1. Have a look at 515, 525, 497, 483 and point out the one that is among the hydrophobic types (A, V, I, L, M, F, W, C) and open to solvent by 10 Å² or more (accessible area, probe 1.4 Å).
2. Restricting attention to segment 623-631, does a residue exist that is in a loop (DSSP other than H, G, I, E, B) and in contact with a Cys (Cβ under 7 Å, 6 or more places away or on another chain)?
3. How many residues, within segment 549-570, are closer than 28 Å to residue 332 by Cβ, of a type in the set (Gly, Ala, Ser) and either within 16 Å of ligand 1 (Cβ to nearest atom) or not assigned by TED's automatic domain parsing to the domain that holds residue 509 (or both)?
4. Applying the selection to segment 246-284, what residues are small (Gly, Ala, Ser) and open to solvent by less than 20 Å² (accessible area, probe 1.4 Å)?
5. All but one of (1) outside any strand (DSSP E or B); (2) open to solvent by less than 20 Å² (accessible area, probe 1.4 Å) hold for residue 224; state the number of the condition that does not hold.
6. Tell me which residues, restricted to segment 177-199, are in contact with a helix residue (DSSP H, G or I) (Cβ under 9 Å, 6 or more places away or on another chain) and free of Cβ contacts under 8 Å to residues at least 60 places away in the same chain.
7. Output the residue which, of all residues in segment 186-219 that are open to solvent by less than 20 Å² (accessible area, probe 1.4 Å) and under 19 Å from residue 501 (Cβ atoms), is nearest to the chain's Cα centre (by Cα).
8. Inside segment 523-616, counting only helices (runs of 4 or more DSSP H) that do not spill past its ends, which hold 1 or more residues that are within 26 Å of the chain's Cα centre (by Cα) and under 30 Å from residue 673 (Cβ atoms)?
Amino acid sequence: MPLPIPGALTYSLPPAIKPPEPGTRILVPVGRRNMVGICLGESGPGADENFTIRCAKRVLDPAPLLSKESLAFLKWISAYYFYPLGQTFAEALPPGFLSARDSGIIRILSGKSARGRSRFKTRGWDTEQGMVLTDQQRQALDRIKGCIEKKEYSPLLLHGVTGSGKTEIYLRAAAACLESGRSVLVMVPEIAMTAQITGWFTARFGEMVAVLHSGMTDAQRRDQWWNIRNGKCLLVIGTRSAIFAPVANPGLIIVDEEHDSSYKQTEKLRYNARDMALVLGRNSGATVVLGSATPSVASYWNALGGKYSLITLDRRVAGRKLPDITVVDRRCGKAGSDRTRSKKCNRGRWLTDELEQAIRQTLQRREQVLLFLNRRGFATYVFCPDCGYVFRCDNCDVTMTWHRSISPRGGAGKSGADPAGILRCHYCAAEKKALPVCPQCNGHAVKALGFGTEKIEKELREKFPGIITARIDRDTISSATRLEKIVRGFRQGDIDLVIGTQMITKGHDFPGLTLVGIIWADMSLNVPEFNAAEKTFQLITQVAGRAGRGKIPGRVIVQTWMADHYALQAAFRQDYRMFYRHEEALRKQLMYSPFSRMINLKLSGTRKDQVMKAGRRIADFAIGMQATNKKGLGEGVDILGPAPSPRARIKNRYRCQVLLKSQNISVLRALCRAVIDKAGELVPSSVRLETDVDPESMT
Ligand code: ADP
Ligand code: ZN
């Protein structure tokens with residue numbers, strides 16, 4: 001049942017009804033209402049007799065909704081992430097499938113029968129015949145094809161620099177797999193930014209492609225789901241949740257940009273779709289290709305350790321060069337630096353003379369510019385210098401960001417944005433009017449500090465009058481179509497300059513783009529996360545990789561205050577190995593992933609004292625288990641906390657966490673299991689306990 005309870009419920013069946021097969025939906029009474037659940041099997045006469053067994057109402061599917069394989073996969077996921085099985089089903093199925101009222105039921109009762117499986121036929125390979133693979137591409141493809149033919153689990157890491165032609169390898173490997181009679185699952189980080197690759201697959205494989213992503217309507221998602229379940233679509237391309245698609249007999253699973261953090265869900269069932277792709281591959285004897293120009297440290301470690309095979313593409317296609325990177329060291333007081341504390345220092349400005357000049361020259365040549373800053377808005381915080389008051393969110397423990405060009409939600413609407421703008425919380429979206437007056441001391445000197453993409457766009461328009469700019473961030477991109485429009489405009493040369501957040505870093509090809517400017521390379525280094533250097537290296541390398549993918553070579557200018565940092569040094573040289581060696585040594589020394597595994601127990605509630613107390617009890621219980629060492633529980637597990645979360649209050653909920661860390665995963669999991677089994681006693685019902693297995697972020 002899609003309920004927050006461990007395990008399953010037991011029901012009897014009216015004598016006239018034949019027991020349904022596991023994976024079939026049934027309508028059953030729960031309390032005073034009816035709900036839809038998934039049948040797991042017969043419990044036999046030995047079932048617990050301490051409660052009355054109620055009678056199921058109806059069997060809803062003529063045949064199991066979930067195949068045996070799907071059922072086993074979802075059970076595994078539920079256990080691995082300590083997430084209730086019924087809620088795992090709810091997460092995995094399209095919306096409405098487990099709702100007693102929704103059309104999902106009517107749909108299936110009306111009998112959406114199998115339309116018969118498609119057969120893959122090799123047809124019109126015009127697109128393919130025109131392109132001769134490079135030697136590296138051909139060797140990579142041959143190795144992948146060899147694995148597909150063996151029909152056994154083969155994990156591969158395809159490490160190919162930006163522009164090395166990975167997509168073409170994916171397409172041909174997919175064709176080979178389909179020809180061998182098995183289906184293909186292709187995972188991409190975000191559909192909006194991967195419209196190009198989705199387009200390639202649809203162009204080449206036509207009707208047999210199903211696309212799954214969150215931007216679709218519920219009805220579209222249900223349609224696609226049935227097309228896959230019925231075997232009409234043999235190739236599925238989609239974002240994170242596509243891992244749950246009912247693909248029968250997958251022979252090839254591709255995870256593009258495998259390092260991307262959007263594969264990890266950060267609420268409810270906190271799964272990592274990249275990791276689950278490997279589990280699915282193991283279950284179904286499939287070849288799993290993890291592709292990236294900047295592999296995650298964990299995947300590269302697995303590849304070096306022999307767990308995955310490593311395929312490297314270190315050259316771009318068509319003899320194109322990796323871009324030249326110029327570093328603008330912004331430190332003024334550095335010994336040996338030619339910068340003095342003079343005007344040249346550009347202190348307090350986001351744009352250095354070097355980058356400004358490069359932009360000017362590029363625009364004069366009628367070439368295009370891409371600027372990257374991973375922060376949106378106009379100013380990061382607004383404060384009163386008279387009394388020190390800072391505008392903070394009332395619900396969250398964060399400062400509010402100043403936006404000037406967007407109108408308030410639910411407000412005046414089209415009548416135009418307030419010229420003073422609004423303050424918005426990036427965590428809960430709460431808004432306040434941006435006042436010129438301090439609400440604490442009535443002072444009139446209120447000041448805005450920091451900068452975001454919005455300010456940069458405005459200042460560039462003033463500096464370079466007449467240029468056509470576009471901004472790509474979560475404020476301007478309300479829909480996938482809006483983004484596509486900008487991307488198309490930029491590709492066609494209708495836009496001179498694009499400024500964007502990490503939304504721009506993914507897979508796009510812009511042939512006329514010759515200058516990439518990175519405004520503040522070290523911004524993402526200074527966050528309290530164990531993987532900050534990894535994320536920064538990936539961002540910088542990926543953004544830089546956008547340059548020079550057309551015929552004209554590209555140039556990258558990076559502004560930074562931390563030019564000596566190894567992650568930046570490696571990114572400037574486009575040297576993944578250099579980054580990896582440093583990072584591996586550091587992680588080993590600090591015993592971070594992949595040298596240890598972590599489970600984060602996250603507590604939240606509306607009362608701070610209750611949350612902290614519950615955290616204390618969780619930690620004490622775990623420490624107690626360890627001390628008594630019952631069945632070796634918790635030996636060698638570090639129990640850290642309880643500590644307030646880095647964002648100690650979000651949406652009016654106080655948050656704290658207890659982090660479990662160990663080199664031994666089974667000991668770690670056993671201790672976590674013991675804690676969760678005891679949670680009913682340790683944590684009051686007013687406090688929520690959530691489990692984050694393999695966390696990627698502590699916030
Ligand atoms: P990656 O994903 O590795 O960054 P892409 O797959 O996007 O690179 O390929 C970059 C560009 O090179 C694309 O426009 C693609 O069509 C083109 N391309 C791929 N393979 C070849 C090839 N063998 N010869 C010429 N162009 C190619
Ligand atoms: Zn807020």
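1. Values: 515 fails: open to solvent by 10 Å² or more (accessible area, probe 1.4 Å); 497 fails: open to solvent by 10 Å² or more (accessible area, probe 1.4 Å); 483 fails: open to solvent by 10 Å² or more (accessible area, probe 1.4 Å).
It is 525.
2. We begin by selecting, within segment 623-631, every residue in a loop (DSSP other than H, G, I, E, B); these are 629.
If we keep only those that are in contact with a Cys (Cβ under 7 Å, 6 or more places away or on another chain) too, we end up with none.
Taking every residue of segment 623-631 in turn, none turns out to be in a loop (DSSP other than H, G, I, E, B) and in contact with a Cys (Cβ under 7 Å, 6 or more places away or on another chain).
3. Of the residues in segment 549-570, the ones closer than 28 Å to residue 332 by Cβ are 555-570.
Filter again for of a type in the set (Gly, Ala, Ser), leaving 563, 567, 570.
Next cut, either within 16 Å of ligand 1 (Cβ to nearest atom) or not assigned by TED's automatic domain parsing to the domain that holds residue 509 (or both) only: none.
Total satisfying the criteria: 0.
4. Initially, segment 246-284 is screened for residues small (Gly, Ala, Ser), giving 248, 251, 261-262, 273, 277, 281, 284.
Scanning segment 246-284 gives 251, 273, 277, 281.
5. Of (1) outside any strand (DSSP E or B); (2) open to solvent by less than 20 Å² (accessible area, probe 1.4 Å), only one is false for residue 224: (2).
6. Here is the first cut: in segment 177-199, the ones in contact with a helix residue (DSSP H, G or I) (Cβ under 9 Å, 6 or more places away or on another chain) are 177-178, 180, 182-193, 195-197.
Listed by number, the list holds a single entry, 178.
7. The residue in question is 189.
8. Details: elements: 532-544, 566-572, 576-590.
By residue number, 532-544, 576-590.
The values are calculated or read from the model by the stated rules, or taken from the named source; none is laboratory data. Predicted, not measured: the structure shown is a model, and the values here were computed from it. Reconstructed Cβ throughout: ideal geometry from the backbone, glycine too, with neighbour counts over all protein chains shown. Side chains included, ligands, DNA and RNA excluded: accessible areas come from the protein's heavy atoms. Shrake-Rupley method; radii C 1.70, N 1.55, O 1.52, S 1.80 Å.
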